[in-house]
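Right, one structure below, let's go through it.
The values are calculated or read from the model by the stated rules, or taken from the named source; none is laboratory data. Just so it is clear, the structure is predicted and the values come from calculations on it, not from any experiment. Note that we place each Cβ from the backbone using ideal geometry, even for glycine, and neighbour counts take in every protein chain shown. These area figures cover heavy atoms from the full protein model, side chains too; ligands, DNA and RNA do not enter into them. Shrake-Rupley method; radii C 1.70, N 1.55, O 1.52, S 1.80 Å.
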Amino acid sequence: MTTATAQPVDASVFDLSPAELYSRYRKNLCKVPGLNMTLDISRMPFGKSFFRVMEPAMQHAYAEMEKLESGAIANPDENRMVGHYWLRAPGLAPEPDLTKAIHDTVEDIKAFVDAVHTKAVKPATAAKFTDVLSIGIGGSALGPQFLADALGGIKRKDKIKVHFIDNTDTDGIRRTLDGLGAKMKSTLVLVISKSGGTPEPRNGMIEAKAAFEAKGLDFAKHAVAITGDGSQLDGVAKGEGWLKIFPMWDWVGGRTSVMATVGLVPLALQGIKIDDFLAGAQKMDEITRKTFTKKNPAALLALMWHLATNGKGEKDMVMLPYKDRLLLLSRYLQQLVMESLGKEYDLDGNPVYQGIAVYGNKGSTDQHAYVQQLREGVNNFFATFIVGLQDTTTPGKNVIEVEDGVTAGDYLSGFFQGTRTALFENGRGSMTITCDKIDAKTVGALIALYERAVGFYATLVNINAYHQPGVEAGKKAAATVLEVQAKAVAALTATPQNPVQIAEAIGDADAVETIDLTLAHLAANKRIGKKGAGYLAN
Ligand SMILES: O=P(O)(O)OC[C@H]1O[C@](O)(CO)[C@@H](O)[C@@H]1O
């Protein structure tokens with residue numbers, strides 16, 4: 001296996017004249033046919049030889065991607081195929097059974113959603129389902145949240161409003177449940193967990209079930225599971241006779257599951273055309289499968305990341321969409337990029353500490369927050385602007401001028417261009433993705449673009465983008481804390497003891513800090529007393 005050699009940036013790019021920059025812009029603008037999108041890399045400091053030198057590594061990345069799409073075990077640690085590209089082109093799946101399963105599942109989603117919208121499936125005590133409560137975390141929440149926000153209310157009201165529980169924060173859970181209020185009786189609950197054993201959605205589900213039961217509602221008649229066959233959640237849903245169970249497949253990773261049942265079910269319930277969303281991704285895949293680098297936007301993104309970060313994640317990726325609808329894109333990409341690329345070891349077992357940190361919000365809001373540092377402070381990032389040319393979902397209608405001949409959208413466009421220029425003038429590189437409009441097709445295309453860029457980049461730096469061993473470590477540590485909690489509570493006596501004494505009592509001196517922190521939490525929640533009831537805070 002090889003790692004691409006990082007190429008130096010060419011700082012002289014930052015000194016080009018406006019005319020030279022315009023020529024560089026025209027020369028390097030990557031047009032994405034059929035999607036009304038462009039990627040501008042002209043403001044990144046690549047030198048004359050960059051693409052020529054990187055081409056062999058890029059060709060290797062194309063070849064590895066082709067193997068992955070053909071069904072190779074691209075996730076060697078977990079011995080799994082990586083099949084998210086098949087979700088929008090089922091015919092490409094390596095086995096006919098998989099093609100059929102993808103196809104049938106999409107049809108099943110449409111049939112179920114149609115039954116909900118036409119009230120053939122309805123709650124026992126309300127005329128129809130008006131709201132959806134989606135419970136999941138990580139890839140089982142970020143995609144649905146991004147889609148709901150980005151695509152909600154385009155041209156007309158959503159058929160169903162989607163709410164989310166994406167944590168095990170009791171206050172957060174109850175706030176969402178309280179927000180549903182009387183609408184709980186017309187709320188459909190999606191419990192989404194690929195593994196079906198993740199504690200956060202399990203806890204959200206138990207809290208939601210209690211809230212439904214407190215209102216006299218039969219939770220099972222409101223509940224739908226989206227999970228792997230045979231998982232713990234699958235068992236609960238089958239055992240309790242839930243309304244429906246949709247499958248999740250082990251060859252789709254959590255962070256790339258937005259085009260599987262995880263993303264499609266809530267999106268379709270909201271009333272968005274899932275075919276448009278999938279078509280956008282399929283089109284982007286067709287384009288980014290081609291091996292002519294200058295016309296492949298995913299390859300260009302991956303190469304620019306490599307240039308900017310010295311192939312080692314030395315700079316952060318700042319996402320600056322100038323569109324409110326794309327606010328959650330940076331959160332979505334945070335998982336896609338950081339869980340995929342943030343790896344200790346490369347594929348040969350060498351420690352490499354790879355990754356690219358991602359953050360962002362939206363412009364021009366950011367201009368009044370952290371753009372000051374981006375322009376003048378530590379130069380540890382590269383920016384990606386995302387622009388939607390259409391100011392509204394109904395261009396030409398209801399145009400309001402805030403000044404003579406100037407709209408609010410003109411200001412947004414001006415602020416984007418101004419920030420791009422201001423950063424560049426101070427030696428800070430950026431890329432710009434321009435889309436005609438933000439709709440289901442565009443959002444599908446954007447997601448597919450970044451999925452493939454992440455895959456390409458992983459090959460450039462020789463890592464497995466499809467596992468997440470670090471997350472498992474945190475999960476195991478959390479489980480240990482709960483074991484210590486149980487032992488510590490059992491060891492409490494009428495005579496107050498401090499954490500050191502409790503640690504001695506349970507025969508685990510190393511657990512003293514865990515005991516201190518855990519019992520403080522229990523005491524704050526009035527689940528154990530302090531002095532006089534067994535626990536003496538330090
Ligand atoms: O859908 P699940 O299995 O509950 O997992 C949720 C998330 O947890 C992770 O496995 C680790 O954080 C993610 O990759 C995944 O998206």
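Annotations for the structure displayed:
- Pairs from the list 194/437; 27/315; 209/441 with a Cα-Cα gap above 28 Å: 194/437; 209/441.
- In a DSSP loop and with at most 16 other Cβ atoms within 10 Å, the trypsin sites (Lys or Arg not before Pro) in segment 57-148 are 119, 128.
- On Cα atoms only, tilt of 440-460 relative to the major axis of the chain in degrees: 90 degrees
- Karplus (6.51, -1.76, 1.60) ³J(HN,Hα), θ = phi - 60°, over segment 131-138, in Hz, Gly and Pro reported as x: 9, 10, 10, 9, 10, x, 9, x
- Per-peptide average of other Cβ atoms within 10 Å, ordering 166-176, 53-63, 265-275 highest first: 265-275, 53-63, 166-176
- Extension gain for residue 31-residue 523 works out to 171.1 nm (0.36 nm per residue, less the C-alpha to C-alpha distance).
- Sequence-ordered 3J(HN,Hα) estimates for segment 273-280 from the Karplus curve with 6.51, -1.76 and 1.60 and θ = phi - 60° stand at 6, 5, 5, 5, 4, 5, 5, x Hz, glycine and proline given as x.
- Selection of GluC sites (Glu not before Pro), segment 278-369, meeting DSSP coil and at most 16 other Cβ within 10 Å: 314, 344
- If R0 is taken as 41 Å, the Cβ-Cβ distance between residue 483 and residue 350 corresponds to a FRET efficiency of 0.75.
- Residue 66-residue 436 FRET efficiency (beta carbon distance; Förster radius 25 Å; 0.05 resolution): 0.25
- The overall shape of segment 470-536, judged from the alpha-carbon gyration tensor, is prolate: a/c is not under 1.5, and a/b is greater than b/c.
- Taking Cα atoms only, the orientation of helix 469-491 departs from the longest principal axis of the chain by about 20 degrees.
- Label-point separation, residue 493 to residue 417 (7 Å along Cα→Cβ), nm: 7.8 nm
- Whole-Å distance, taken between Cα centres, linking segment 287-353 and segment 192-257: 32 Å
- A 1.4 Å probe run over segment 372-520, with the rest of the protein chains in place, finds 46 Å² accessible per residue.
- Cβ charges +1 (Lys, Arg) and -1 (Asp, Glu), total dipole of segment 151-293, debye: 600 debye
- Cα-based radius of gyration of the chain once divided by 2.2 N^0.38 Å, which approximates compact folds: 1.06
- Rolling a 1.4 Å probe across the protein heavy atoms gives segment 7-113 an accessible surface of 50 Å² per residue.
- Of the chymotrypsin sites (Phe, Trp or Tyr not before Pro) found in segment 216-320, those in coil by DSSP whose Cβ has at most 12 other Cβ atoms within 10 Å are 292.
- Hz values of 3J(HN,Hα) by residue in segment 328-345 - Karplus curve (6.51, -1.76, 1.60), Gly and Pro given as x: 8, 4, 5, 5, 4, 6, 4, 5, 4, 7, 6, 6, 7, 9, x, 10, 6, 10
- Acute angle (nearest 10 degrees) that the helix 261-270 long axis makes with the longest principal axis of the chain, alpha-carbon atoms: 90 degrees
- Fraction of accessible area attributable to carbon and sulfur, the chain (%, probe 1.4 Å): 52 percent
- Amide H contacts of residue 345 (H built 1.01 Å from N, under 5 Å, at least 5 apart or other chain): 352, 353
- Amide hydrogen proximity for residue 381: with H placed 1.01 Å from N in the peptide plane, the residues at 5 or more positions away or on another chain lying under 5 Å are 316.
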